[in-house]
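Undergrad: Take this structure, written in structure tokens, and hold onto it; I'll ask about it next.
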Ligand code: NDP
Ligand code: 2IT
């Protein structure tokens with residue numbers, strides 16, 4: 001339920017951003033948590049902090065023309081939403097997927113404000129992307145697209161202004177082409193302008209692994225708070241991209257057994273535990289589909305086309321594909337099958353109904369803002385290394401990541417406790433993330 005004042009703010013957000021349903025959903029979730037904060041801090045309401053947070057500081061939409069290998073011309077749309085820079089330069093990834101439109105970029109940018117705040121590091125919130133579909137495109141087509149995209153984006157970004165990174169459809173390959181074009185146009189080797197770079201040109205150890213590793217660390221903390229661990233537990237992971245692969249790797253190191261993963265064609269069940277080397281070979285090296293994984297795995301794994309991975313019985317669910325992939329029905333099924341913890345590697349993968357069902361069933365639920373913050377936190381560590389022309393070891397960087405995830409976990413619990421919602425990580429993450437941004441906005445005056 002929304003507090004009366006928040007309800008009128010929400011109505012206004014609906015009116016001013018018509019049709020942007022994912023953005024509405026993300027805003028509503030935050031507003032539902034922060035009612036009690038306004039009671040304690042009337043100064044936030046007086047200076048209209050919430051209304052200001054819901055309005056991006058700047059939104060950029062641009063044309064991205066490019067030519068495919070046969071010489072045919074294509075026109076895509078590019079976006080960068082610079083949402084909030086109270087804590088630092090706008091920071092957040094770029095998503096290349098045919099479903100991208102302003103509402104998706106705004107929901108992601110809005111989430112990013114609070115997530116970045118929760119890390120405790122000096123980064124503001126932003127997000128961008130394009131409706132470009134990289135599937136089936138050649139290396140050269142992807143490179144030409146990235147170059148055209150950056151030919152417009154370069155004028156809006158900079159290491160002290162706005163620092164993009166990867167997201168769905170944008171990994172190290174794309175970041176390389178984007179950075180190369182930025183460097184060429186500006187004639188500046190400005191490493192800190194983008195993160196997720198390769199190790200040979202300013203990238204940081206552990207950034208590739210960070211979101212998945214961080215999510216596994218976060219879930220390990222939630223389990224520990226309940227006196228248990230990953231040891232011997234059956235885990236289901238959705239997706240088989242960057243976040244999913246490194247979630248699987250760390251869950252295994254922590255003693256869990258990942259019995260299923262998926263992609264947009266369906267899922268595989270592999271009762272003995274997913275073969276990570278084979279998964280990396282098929283999905284990352286060959287860029288092929290999961291049916292190929294099952295085929296090569298012989299009798300050990302089964303590929304189930306077109307169905308939801310959440311029908312596989314598991315004790316821990318780690319959604320790592322996309323938004324709204326766990327519906328109310330999926331959540332009911334997961335609870336019935338004995339799921340005790342959920343860690344969101346993806347952004348907003350659980351619908352509001354799904355979250356309600358998990359909460360009512362007492363499932364430990366780690367929202368994306370907290371659970372997947374390890375990716376952007378390690379991006380901030382990459383920026384630190386770029387600024388000081390330093391590079392840290394894998395071990396040192398992984399320890400930093402683990403400590404950051406522990407701190408986020410503890411901060412969520414502390415804020416949830418303080419506002420009378422013990423154990424509620426959704427409320428804790430929203431409240432804690434909000435307060436830091438709100439305090440900085442107050443201090444900076446009406447800008
Ligand atoms: P990738 O592109 O590497 O992988 C995405 C995976 O999700 C693929 O397996 C893809 O399947 C699947 N997927 C994507 N869209 C859909 C869809 N509409 N329906 C079904 N499956 C889908 O992306 P990432 O791993 O980087 O991102 C995954 C999630 O994690 C996203 O929600 C992203 O916002 C979030 N995230 C990413 C971070 C990062 O550092 N990369 C940081 C924090 C959050 P297919 O291969 O068939 O397309
Ligand atoms: O959703 C996210 O936090 C990301 N895609 C990573 C952002 C970043 O800047 O590393």
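What follows draws every value from the coordinates through simple rules; no lab data is involved. Everything numeric here is computed off the predicted structure, so don't read it as measured data. Cβ placement follows ideal geometry from the backbone for every residue including glycine, while neighbour counts extend to all protein chains displayed.
Undergrad: Just check the stretch 336-447 against the gyration tensor rule for me: Cα atoms, a ≥ b ≥ c as the square roots of the eigenvalues, rounded for a/c under 1.5, and otherwise prolate or oblate depending on whether a/b exceeds b/c.
TA: It is oblate, given that a/c is not under 1.5 and a/b is not larger than b/c.
Undergrad: Let me ask you something else. Suppose R0 equals 60 Å. What FRET efficiency, 1/(1 + (r/R0)^6) with r the Cβ-Cβ distance, do residue 391 and residue 307 give to the nearest 0.05?
TA: About 0.85, to the nearest 0.05.
Undergrad: Would you work out the relative contact order for the chain, in percent, from Cα pairs under 8 angstrom that are 6 or more residues apart?
TA: 15 percent
Undergrad: Moving on. Which of the three applies to the stretch 164-301, rounded, prolate or oblate, going by the alpha-carbon gyration tensor with a ≥ b ≥ c and a/c under 1.5 meaning rounded?
TA: Oblate is the answer for the stretch 164-301, as a/c is 1.5 or above yet b/c matches or exceeds a/b.
Undergrad: If you don't mind, another one. Only bridges whose two residues both fall in the stretch 266-392 count here: according to DSSP, what percent of them are antiparallel, nearest 5?
TA: Around 45 percent of the beta bridges assigned by DSSP in the stretch 266-392 are antiparallel ones.
Undergrad: Going by Cα centres, the stretch 102-170 and the stretch 219-238 are how many Å apart?
TA: Cα centroid to Cα centroid, the span is 31 Å.
Undergrad: Between residue 133 and residue 272, what length in nm is gained on full extension when 0.36 nm per residue of separation is reduced by their alpha carbon distance?
TA: Extra length from residue 133 to residue 272 when fully extended: 46.6 nm.
Undergrad: Right, next: If the viscosity is 1.002 mPa s and the temperature 20 °C, what Stokes-Einstein diffusion coefficient in µm²/s follows for the chain when Rh is the Kirkwood radius over Cα pairs?
TA: It comes out at roughly 97 µm²/s.
Undergrad: At a Förster radius of 22 Å, what calculated FRET efficiency corresponds to the Cβ-Cβ distance of residue 140 and residue 292, to the nearest 0.05?
TA: Once the sixth-power term is evaluated, E becomes 0.40.
Undergrad: Could you work out the relative contact order of the stretch 128-181, using alpha carbon pairs under 8 angstrom and six or more residues apart, expressed as a whole percent?
TA: 44 percent
Undergrad: If we count other beta carbons within 10 Å of each Cβ, what is the order of 392, 310, 66, fewest first?
TA: Least to most surrounded, the residues fall as 392, 66, 310.
Undergrad: Based on DSSP, what percent of beta bridges with both residues in the stretch 1-141 are antiparallel, to the nearest 5?
TA: DSSP beta bridges in the stretch 1-141 are roughly 85 percent antiparallel.
Undergrad: Now a separate question. Send over the semi-axes of the stretch 173-239's equivalent ellipsoid, whole angstrom and largest first, taken as the square roots of 5 times the C-alpha gyration tensor eigenvalues.
TA: 38, 12, 8
Undergrad: At 7 Å along the Cα-to-beta-carbon direction for both residue 417 and residue 201, put a label point, then send me their distance in nm to one decimal.
TA: 4.7 nm
Undergrad: Post the alpha-carbon centroid distance, the stretch 390-411 to the stretch 414-447, in whole angstrom.
TA: Taking the Cα centre of the stretch 414-447 as reference, the centre of the stretch 390-411 is 22 Å away.
Undergrad: Roughly how many Å is it from the Cα centre of the stretch 278-355 to that of the stretch 45-73, as a whole number?
TA: Each part reduced to its Cα centre gives a spacing of 30 Å.
Undergrad: For the chain, what is the percent of antiparallel DSSP beta bridges, rounded to the nearest 5?
TA: Counting DSSP beta bridges with both partners in the chain, the antiparallel share is about 60 percent.
Undergrad: In addition: Roughly what would the spin-label model give for residue 443 and residue 21, points 7 Å off Cα along C-beta, in nm?
TA: The modelled label-to-label distance comes out at 4.0 nm.
Undergrad: Then there's this: Using a basic spin-label model with each label point 7 Å from the Cα along Cα→Cβ, how many nm lie between residue 48 and residue 361?
TA: Distance between label points: 4.3 nm.
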